[in-house]
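One structure below.
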């Protein structure tokens, strides 16, 4: 699987896919629920490659709150993807 330093990732997740967070990250901790629309999770991972792939697979249902490095990686990949489809 993926390796690296332990990182805590804070995610804003659409409530419709909350179950998928627990399937992918069984130790995820729910921080807050906002009006049943989305949930904030803290997820501990080793390195960021695995969670990066997972986030991109969830389309627009997940937003990275922190760390900033991961937010920037997601933005960069999305930017490069939009160039492919122009």
Candidates 56, 11, filtered to the one that is buried (at least 16 other Cβ atoms within 10 Å of the Cβ) and either touching a residue at least 40 places away in the same chain (Cβ under 8 Å) or under 11 Å from the mean Cα position of the chain (by Cα) (or both): 11
Long-range neighbours under 6 Å by Cβ, at least six apart or interchain, first residue outside any helix (DSSP H, G or I) within segment 65-83, second at pLDDT 95 or above: 65/10; 65/12; 66/10
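Suppose the filter is in contact (Cβ under 8 Å) with a residue 40 or more places away in the chain, surrounded by fewer than 14 Cβ atoms within 10 Å (Cβ to Cβ) and in contact with a strand residue (DSSP E or B) (Cβ under 8 Å, 6 or more places away or on another chain); does residue 4 pass it?
Numbers: in contact (Cβ under 8 Å) with a residue 40 or more places away in the chain: yes; surrounded by fewer than 14 Cβ atoms within 10 Å (Cβ to Cβ): yes; in contact with a strand residue (DSSP E or B) (Cβ under 8 Å, 6 or more places away or on another chain): yes.
Here the answer is yes, as residue 4 does meet what is asked.
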Number of the exception - residue 9 against (1) outside any strand (DSSP E or B); (2) in contact with a strand residue (DSSP E or B) (Cβ under 9 Å, 6 or more places away or on another chain): (1)
Among the residues listed as 80, 23, 61, the single one being at pLDDT 95 or above and in contact with a strand residue (DSSP E or B) (Cβ under 8 Å, 6 or more places away or on another chain): 61
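The values are calculated or read from the model by the stated rules, or taken from the named source; none is laboratory data. Predicted model, so just to flag it, every value in this text is computed and none were measured. In this analysis, Cβ positions are derived from the backbone assuming ideal geometry, glycine residues included, and neighbour counts consider all displayed protein chains.
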